[in-house]
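What follows is calculated from the coordinates using simple rules that are stated; it is not laboratory data. Keep in mind the model is a prediction, meaning the values are calculated, not measured. Please note: Cβ atoms are built from the backbone with ideal geometry, for glycine as well, and neighbour counts cover all protein chains shown.
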Amino acid sequence: MIAFFLASMDLSHFPRVRLARLPTPIERLARLSGHLDGPKIYVKRDDETGLGMGGNKLRKLEFLLGEALAQSADTVLTVGALQSNHARQTAAACAKLGLACELILRRSRQTSEAYLSGGNVLLDRLFGARITVLDPDASREEALALRVQELHRAGHRPYAIPVGGSSVRGCIGYATCAEEILAQSAQLGVKLSAVFVATGSGGTHAGLVAGLHALGSDLPVIGVAIEGTRADQECIVFDLAAETAHALAAPPLARERVTVLDEYAGPGYARPTDAMREALRLAAGFEGLVLDPVYTGKAFAGLVDVVRRRRITADGPVLFMHTGGAPGLFAYPDALV
Ligand SMILES: *Cc1c(COP(=O)(O)O)cnc(C)c1O
């Protein structure tokens, strides 16, 4: 093992704008841990980052929009699914910073009123974002590139954010969360054995892995895929994490640091599973904790299953990252029936 330990990371060359209410609390899920009869389960409340109803994307946006402001951008664009939590948090942050916000959102084949105009879409409108809705097969990246060109030609200064805010700069936000987790768990006197997190565009998972690595911690992070296969998701996350570790001037990252479970994704993105429904009911019924049907519900289903199958034992407490997404519940009212 290389003797390498940083008390903190040097982030001085990454411009940052404060958006999230930090640190978010770590809470114990006492009743649910007892019910499952496994390890103590703690939850990191990144659903409570505050602005625009909160969620994990605000940590990324602190660094992404920090760069946008440093470049004197006037218009921020991003892409996502129609009910993207990332798009909603971007719209809220832009409102607060006085930046114009344009969202390019791709709908699925769902046609319910709630899906098309409720949940996150309702909030996007409220935050004053300009929304373009794409058909299910359209390319978001092409639409984004075209619109960026248009804005340039019209004399604007656009700043484009990739899907989920998962660029290296966005990942830095979750590297700082790793630092927060290490400090808080030490303060609580809890020696964590693993962190569980929903992994989608990959930046949250990658940032945590890179941050822990940069800080000399070997705490394992288990990503629970919400779509796609283990091989593909591990590849996406590893590439991002390795680049982020490099940006943090940490030693090269070992491929084994990235682990993804893909058994809980079900038929695809935002497609409900029975295990997701059960996870939402367990968290709500034992703890009054609201999860979401697209991300945290599937991730928590993975944690519950791992505990039940004794794939982790009772000696090590585990931390579940609550990454937010509750507004999505109101867009998929049928997901729970
Ligand atoms: C975006 C999102 C995730 C996944 O984060 P990535 O960085 O895209 O992997 C998890 N949970 C919620 C609620 C999200 O909105």
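Structure above, values below:
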quantity: The chain: DSSP helices with Cα axial extent of at least 27 Å and average Kyte-Doolittle hydropathy no lower than -1.0; calculated: 168-188
quantity: Which of Leu22, Leu212 has the fewest Cβ neighbours within 10 Å, and the rest in rising order; calculated: Leu22, Leu212
quantity: Cα-centre dipole for the chain with unit charges at Cβ (Lys and Arg positive, Asp and Glu negative), debye to 20; calculated: 460
quantity: Projected-area average for segment 156-311 over all orientations - Cα convex hull basis, square nanometres; calculated: 11.0
quantity: Residues Val163, Val43, Val337, sorted so that the one with the fewest Cβ neighbours within 10 Å comes first; calculated: Val337, Val163, Val43
quantity: Semi-axis lengths, Å, segment 264-316, gyration tensor of Cα atoms, sqrt of 5 times eigenvalues; calculated: 19, 14, 8
quantity: DSSP bridge orientation in the chain - percent antiparallel, rounded to nearest 5; calculated: 10
quantity: Simple label model, 7 Å out from Cα along Cβ direction - Ser72 to Arg153, nm; calculated: 2.4
quantity: Two-decimal Rg to Rh for segment 1-150 - Kirkwood Rh, Cα set; calculated: 1.07
quantity: Spin-label model distance (nm) - Arg310 vs Ser112, 7 Å beyond Cα toward Cβ; calculated: 3.9
quantity: Estimated dipole of segment 211-337 in Debye, rounded to 20 [Cβ of Lys and Arg +1, of Asp and Glu -1, Cα centre]; calculated: 280
quantity: Additional length obtainable on full extension of the chain from Leu126 to His13, 0.36 nm per residue less Cα span; calculated: 37.3 nm
quantity: Quotient of C-alpha Rg and 2.2 N^0.38 Å, computed over the chain; calculated: 0.95
quantity: Loop-located trypsin sites (Lys or Arg not before Pro) in segment 261-321 whose Cβ has at most 13 other Cβ within 10 Å (DSSP); calculated: Arg309, Arg310, Arg311
quantity: 10 Å-binned pair-distance histogram of segment 88-180 (Cα, whole percent); calculated: 14, 39, 35, 11, 0
quantity: Sum of side-chain charges, Ala210 neighbourhood, beta-carbon under 15 Å (Lys, Arg +1; Asp, Glu -1); calculated: -3
quantity: Global size of segment 101-238 as Cα Rg and Dmax, reported in angstrom; calculated: 18.5, 56
quantity: Between segment 155-221 and segment 22-50, the alpha-carbon center distance in angstrom; calculated: 17
quantity: Assigned charges on the beta-carbon of Lys, Arg, Asp, Glu; segment 90-242 dipole about Cα centre (debye); calculated: 440
